[in-house]
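See below for the structure under consideration.
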Amino acid sequence: MDNASAAGQESVADKECVVRGKIAIVTGASRGIGKAIALGFAREGATVVVAARSESAPGESLPGSIHETVAEIEAAGGTSVAIRCDVTDEAAVAAMVVETLERFGRIDVLVNNAAVDFPAPVVELPAKRWEVIFRVNVTGPFLCSTAVIPSMAAGGAGSIINISSQAATERGKGTVGYSAAYAASKAALDRLTWSLAAEVGKHNIAVNALKPSRVVDTEGMRLWAPEEERRDWVSPGSVVTCAVFLANQDASGVSGTVATDEEYISWHGLKVAGS
């Protein structure tokens, strides 16, 4: 989003930035940023579909599951349901959407958060892993988005939020190690965001991408970095604030924007809880 576009959206900050009563699907919500967004949506009164492959924690080094996220939401008084879904499987994505519609009647928000990486130099990255990265990080958002758009269009509004990364535009290693495949996949996700926003605006559906400005301290990230490198990592609070803001958008508000959490906060005067 250029400066002129940002200026043109200044009035959007006056909107009530809550998701109360909305039905939201969050992929990759068993842990990390996805879980934080799911919990944040629930705190604001949304009904949250927690979607991921993990029905149980893979191990002590990578805790978390869809059922644990739902349990936390319900313990706090929220409403949530766990649906196991491999976002690379078209049939599984379709089944997730059907189950959501059968339970709740509509889908207002989709957060495409599920992502993977296998940090390695390009010449050492097996083709199969390259393909997995693109299937999860690009094909997954494509499948989930195209699956929910008919329902959103029928309802006259919707919001799709793609969780991207500054890896898409950083040169070299960047703030934390990641593969060229991951960086390329996030660049593709940014481009998908722009194209999809242009296509579905006529249905009053917003499509935006959200990138953490700084490294977010999550279970997955801790696997890739030693403790001494984590001093400047941050909580997902500002990302959650921006996700709540974007969930409240439709095509008449903010759409077709690819930006960091710091940019959204600055452009729209958002307030991060506890700051």
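The values are calculated or read from the model by the stated rules, or taken from the named source; none is laboratory data. Remember, it's a predicted structure, so these values are computed and weren't measured experimentally. A quick note on method: Cβ atoms are made from the backbone with ideal geometry, for glycine too, and the neighbour counts reach across all protein chains shown. The area values use the complete protein model at the heavy-atom level, side chains included, leaving out ligands, DNA and RNA. Shrake-Rupley method; radii C 1.70, N 1.55, O 1.52, S 1.80 Å.
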Under 7 Å between Cβ atoms, which residue pairs at least 6 apart in sequence (or on different chains) link something in segment 148-171 that is assigned to a loop (DSSP other than H, G, I, E, B) with a partner that is open to solvent by less than 30 Å² (accessible area, probe 1.4 Å) and of a type in the set (G, A, S)? S164/A209
Out of V109, V122, I need the residue that is in contact (Cβ under 8 Å) with a residue 60 or more places away in the chain and of a type in the set (A, V, I, L, M). Which one? V109
Starting from segment 235-264, keep only residues that are assigned to a loop (DSSP other than H, G, I, E, B), then list their pairs with residues that are of a type in the set (S, T, Y) whose Cβ atoms are within a distance under 7 Å, requiring at least 6 positions of separation or different chains. Q249/S159; Q249/S255; D250/S159
In segment 185-201, which residues are without any contact (Cβ under 8 Å) to a residue 12 or more places away in the chain and farther than 25 Å from S238 by Cα? S195, E199
Taking into account only those residues within segment 134-150 that are under 19 Å from the mean Cα position of the chain (by Cα) and more than 15 Å from C85 (Cβ to Cβ), which is most open to solvent (accessible area, probe 1.4 Å)? F134
How many of the residues making up segment 1-38 are more than 23 Å from V136 (Cα to Cα), in contact with a strand residue (DSSP E or B) (Cβ under 8 Å, 6 or more places away or on another chain) and at pLDDT below 95? 2
Count - residues of segment 83-107 that are in contact with a strand residue (DSSP E or B) (Cβ under 6 Å, 6 or more places away or on another chain) and open to solvent by less than 30 Å² (accessible area, probe 1.4 Å): 6
Scope segment 183-215; condition surrounded by fewer than 23 Cβ atoms within 10 Å (Cβ to Cβ), closer than 27 Å to P126 by Cβ and not hydrophobic (A, V, I, L, M, F, W, C); matching residues: D190, R191
Can you name the residue in segment 151-166 that is out of contact with any strand residue (DSSP E or B) (no Cβ under 6 Å at 6 or more places or on another chain) and not hydrophobic (A, V, I, L, M, F, W, C) and, of all such residues, is surrounded by the most Cβ atoms within 10 Å (Cβ to Cβ)? S151
Counted residues, segment 111-133 - those being surrounded by 19 or more Cβ atoms within 10 Å (Cβ to Cβ) and assigned to a helix (DSSP H, G or I): 2
